[in-house]
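A short worksheet on the structure shown next.
The values are calculated or read from the model by the stated rules, or taken from the named source; none is laboratory data. Computed from a predicted model, the values in this text were never measured in an experiment. So basically every Cβ, Gly included, is an ideal-geometry build from the backbone, and we count neighbours across all protein chains shown. All accessible areas refer to the heavy atoms of the entire protein, side chains included, with ligands and DNA or RNA removed. Shrake-Rupley method; radii C 1.70, N 1.55, O 1.52, S 1.80 Å.
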Amino acid sequence: MLQYLQFLGTTDGLFRSSSLSDLSGKRDQAALNWVEVMDAKIHSIQSDESGMGLVACGSTRGLIKLDGDFWMTFGEDAGFTLPDVRHVDGSVESLWVSSYQELGRFQDGQTQWTPVPMLSERSLITSLLVISPEEIWIGTSLDGLFRYNGQGFIQYTTTDGLPDRRVTCL
């Protein structure tokens, strides 16, 4: 049996499925309704531990977070210098986000940004994987892989055994 498709991000906004129907090929049950966030390009979605609920999503408007029944958007007022949040990972209590070249921890309505050292000017963050607050992996478009250990960054490149410096996803 397939999992249920609960949320879908597009260049036009965020969709939420109209029902918890099994979407294993029945087109009439795959209809989606718009959720309140309609005017932002969605870059990433972070689900809760069950995979059925939405915790937050990264968008061109900043971090969009579900708070009970309401959508809250966090932009410049929450410390986002660029509202474009590319990746989101973590938990309800502590979300990690990335812009094009910075890693941020969003907690209690504010974001603390940490520039990724050794990231070249033309390289972008392509992926983010949070194992724990002390272990975060960051893929980049030109500079390989970085691991944040809570204190600092360690870079891995082809010299360290990576097959390619262009990491597309984790």
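Size of the stretch 39-170 from its Cα atoms: along the principal axes, largest to smallest, the extents are 49, 30, 26 Å. When peptides 117-130, 88-101 are sorted by average Cβ neighbour count within 10 Å, with the highest value leading, the order is 88-101, 117-130. The slack between Thr159 and Ser94, meaning 0.36 nm per residue of separation minus the straight C-alpha distance, is 20.1 nm. For the set Ser132, Ser59, the ranking by accessible area, highest first and with no ligand, DNA or RNA atoms included, is Ser132, Ser59 under a 1.4 Å probe.
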